[in-house]
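Trainee: Following this message is one structure expressed as structure tokens.
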Amino acid sequence: MNIESSHEPSTFLNQLIQMLYLKAHQRNAGIETAERSDLIVIDNAEDLELVSRNPDTFTKNYSSISVLGTSRFNTDGDIWRKRKEITQPAYNEAAKSSRTKFVYDVYEDVLLKQKPDSIAALQTALFEASVRIFCAAFGSQGSPAEIVAQIDDLRHGLRWLQFLSWHGERKRELAEATSHVTEVLDNLTKIFSLDDRNNEIWKHFSQPESEIPQYSPIEELVMNIFAGIETTVATLSWAADRLGTSRQVQQRLFEEVQTATGRYDYCECFINETMRYFPPIPYVTREVQQRTRLAARVAEPANLVLVSIIGLHRNAAYWSQPDVFHSARPEFMDNTYNRNAFVPFLTGPRVCGGMRLARVELLQGLKVLVRHFQIERTGDEVHFDYTLAMRPRDKGAIRIVSRQDL
Ligand code: HEM
């Protein structure tokens, strides 16, 4: 097996996501689907509330990425609380309104320089912007090109590990994928520890070494940066994909961006609808520690819970016309949506640590996109790629044109 070229994991993981969309569709049509008895798929707001509010009963299950080591993502209890303190103050600071202009300027600088003309080119530009914003939260300029190249490599390895976590023992592939990821981590350690542009961020992540048992700066840093950039790039790529479906929507957003002075209600609604329709993290998993009664069944210890964010976002009990992309969706415009049925960032104590910073990035990134570009899309066939985050795959349907060139 060559983990660089094999399509096996991509196919499987993409089918898993298709299955979640299909399941949501069948539930709305009243069709019962059979499930593995040890896997509980959750797509209703009551169960989501129970699972997300009780992190000690429904613990993190990240066996697939354990090769990345230990970080705030895959720990629980006091160790998690300590690890959270390493990054949370920086994320909160970076999301303050005084930093909004900086975020806007980064997107504008990168997108105007690179002038992307396709979804693939847009993603390259968005990755650079996102790495710069992430590193700046820790006082560094960052070395985006080098970091993004390694993260690309890391994604291949993680895709395999995620695939293997569903397919049990395949020792040779597991060993290969593990050594691939370890090599990337070594490369990233060199980049962060040796390149002067990363001095401050490396210092920040190295500090807790003496305070937290088994702490590794690169493990904490890589999981955080991966989570921070994959998701925002995915969301803005989906936003571009949806913009391409309607000139009128682009015009209405453009007008808001040109005239608004503080509130961007339509832009925010468009971003929410994008994340409802294509949640960048389509599901999360948890392991049951204690017998618990859910809406339709009892969860037993060692059962695996799969919270289908897709399922919640497409559930007809909470959304009118859930399968329609509605840029001015009334549930968002009127602020009447069910908080437990719209959870792109999850909810409860393990809610996304970068949610506020992500919201700043999404709004500023969208503003730059609609202000400087027009997007055209042929057809409405959707293709995606999924490795921890789901983003559109470039099949040549999208054309991005700089407004300067119109
Ligand atoms: C559109 C953008 C984003 C989305 C949709 C998103 C979504 C999520 C979701 C669903 C989780 C929960 C995962 C789980 O519990 O299994 C999560 C966790 C997390 N995210 Fe995000 N995220 C985004 C952006 C960011 C950014 C920009 C950062 C940091 C710069 C970030 C940092 C984190 C961290 C640190 C956690 C772990 C929280 C904890 O358990 O302590 N995320 N994110």
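Trainee: From the list THR274, THR261, THR292, THR285, which one is of a type in the set (Ser, Thr, Tyr) and open to solvent by 60 Å² or more (accessible area, probe 1.4 Å)?
Mentor: THR261
Trainee: Looking at segment 120-138, can you tell me whether even one residue there is more than 20 Å from the chain's Cα centre (by Cα), part of a loop (DSSP other than H, G, I, E, B) and either aromatic (Phe, Trp, Tyr) or surrounded by fewer than 22 Cβ atoms within 10 Å (Cβ to Cβ) (or both)?
Mentor: Checked segment 120-138: at least one residue is more than 20 Å from the chain's Cα centre (by Cα), part of a loop (DSSP other than H, G, I, E, B) and either aromatic (Phe, Trp, Tyr) or surrounded by fewer than 22 Cβ atoms within 10 Å (Cβ to Cβ) (or both).
Trainee: Would you mention how many residues in segment 229-275 are small (Gly, Ala, Ser), within 19 Å of HIS326 (Cβ to Cβ) and assigned to a helix (DSSP H, G or I)?
Mentor: Total satisfying the criteria: 2.
Trainee: Scanning segment 312-355 for residues that are small (Gly, Ala, Ser), out of contact with any Leu (no Cβ under 6 Å at 6 or more places or on another chain) and within 16 Å of the ligand (Cβ to nearest atom), which turns out farthest from GLU268 (Cα to Cα)?
Mentor: Per the criteria, the residue is GLY348.
Trainee: Got a sec? Which of GLN88, GLN141 is closer than 30 Å to HIS372 by Cα, open to solvent by 20 Å² or more (accessible area, probe 1.4 Å) and at pLDDT 95 or above?
Mentor: None of the other options fit; the residue is GLN141.
Trainee: Something else about it: When you go through (1) of a type outside the set (Val, Ile, Thr); (2) over 20 Å from GLU230 (Cα atoms); (3) at pLDDT 95 or above one by one for ALA125, which number turns out not to apply?
Mentor: Of the numbered conditions (1) of a type outside the set (Val, Ile, Thr); (2) over 20 Å from GLU230 (Cα atoms); (3) at pLDDT 95 or above, the odd one out for ALA125 is (2).
Trainee: Determine the pairs where a residue that is within 13 Å of LEU50 (Cα to Cα), located within segment 338-350, has a partner that is within 6 Å of the ligand (Cβ to nearest atom) with Cβ atoms under 7 Å apart, the partner being 6 or more residues away or on another chain.
Mentor: Here the result reads LEU346/VAL284; LEU346/CYS352, each pair linking segment 338-350 to a residue that is within 6 Å of the ligand (Cβ to nearest atom).
Trainee: Also, I was wondering about something else. Would you be able to tell me the number of residues in segment 219-246 that are in contact with a helix residue (DSSP H, G or I) (Cβ under 8 Å, 6 or more places away or on another chain) and either open to solvent by 30 Å² or more (accessible area, probe 1.4 Å) or without any contact (Cβ under 8 Å) to a residue 60 or more places away in the chain (or both)?
Mentor: 4
Trainee: Look through GLU331, GLU287, GLU300, GLU361 and report the one residue that is touching a helix residue (DSSP H, G or I) at 6+ places or on another chain (Cβ under 6 Å) and of a type in the set (Asp, Glu).
Mentor: Unique residue meeting the criteria: GLU361.
Trainee: Can you name every residue in segment 356-385 that is in contact with a Ser or Thr (Cβ under 8 Å, 6 or more places away or on another chain) and either of a type in the set (Asp, Glu) or over 16 Å from CYS267 (Cα atoms) (or both)?
Mentor: Passing the criteria: GLU361, ARG377, ASP380, ASP385.
Yes or no, residue by residue, for (1) over 30 Å from ASN224 (Cα atoms); (2) modelled with pLDDT of 80 or more:
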| residue | (1), (2) |
| --- | --- |
| LEU22 | yes, yes |
| ALA29 | yes, no |
| ASN44 | no, yes |
| VAL51 | no, yes |
| THR59 | no, yes |
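Trainee: Can you confirm whether THR182 is under 20 Å from ILE119 (Cβ atoms) and either open to solvent by 40 Å² or more (accessible area, probe 1.4 Å) or modelled with pLDDT under 95 (or both)?
Mentor: No, not satisfied.
Trainee: Among (1) in contact with a Ser or Thr (Cβ under 9 Å, 6 or more places away or on another chain); (2) of a type outside the set (Val, Ile, Thr); (3) in a loop (DSSP other than H, G, I, E, B), which single condition is ASP56 missing?
Mentor: (1)
Trainee: Please work out which residue is nearest to ILE133 (Cα to Cα), limiting yourself to segment 49-92 and to residues that are near the ligand (Cβ under 9 Å from one of its atoms) and aromatic (Phe, Trp, Tyr).
Mentor: Among them, the one singled out is TYR91.
Trainee: Of ARG197, ARG155, which residue is in a helix (DSSP H, G or I), at pLDDT below 95 and either open to solvent by less than 10 Å² (accessible area, probe 1.4 Å) or not small (Gly, Ala, Ser) (or both)?
Mentor: Every option except ARG155 fails the conditions.
Trainee: Can you name every residue in segment 211-228 that is among the polar types (S, T, N, Q) and not in a loop (DSSP other than H, G, I, E, B)?
Mentor: ASN224
Trainee: Related question: Output the number of the condition that GLN321 fails; it satisfies all remaining conditions of (1) at pLDDT 95 or above; (2) in contact with a helix residue (DSSP H, G or I) (Cβ under 9 Å, 6 or more places away or on another chain); (3) under 19 Å from GLY30 (Cα atoms).
Mentor: Result: GLN321 passes all but (2).
Trainee: Are any residues in segment 337-352 under 17 Å from the mean Cα position of the chain (by Cα) and among the hydrophobic types (A, V, I, L, M, F, W, C), and if so, which ones?
Mentor: Selection gives PHE342, VAL343, PHE345, LEU346, VAL351, CYS352.
The values are calculated or read from the model by the stated rules, or taken from the named source; none is laboratory data. Please read all numbers here as calculations on a predicted model, not as lab measurements. When we count neighbours, we look across all protein chains shown, and the Cβ atoms used for this are built from the backbone with ideal geometry, even at glycine. When the accessible area is computed, the model is the full protein with side chains, heavy atoms only, and any ligands, DNA or RNA have been set aside. Shrake-Rupley method; radii C 1.70, N 1.55, O 1.52, S 1.80 Å.
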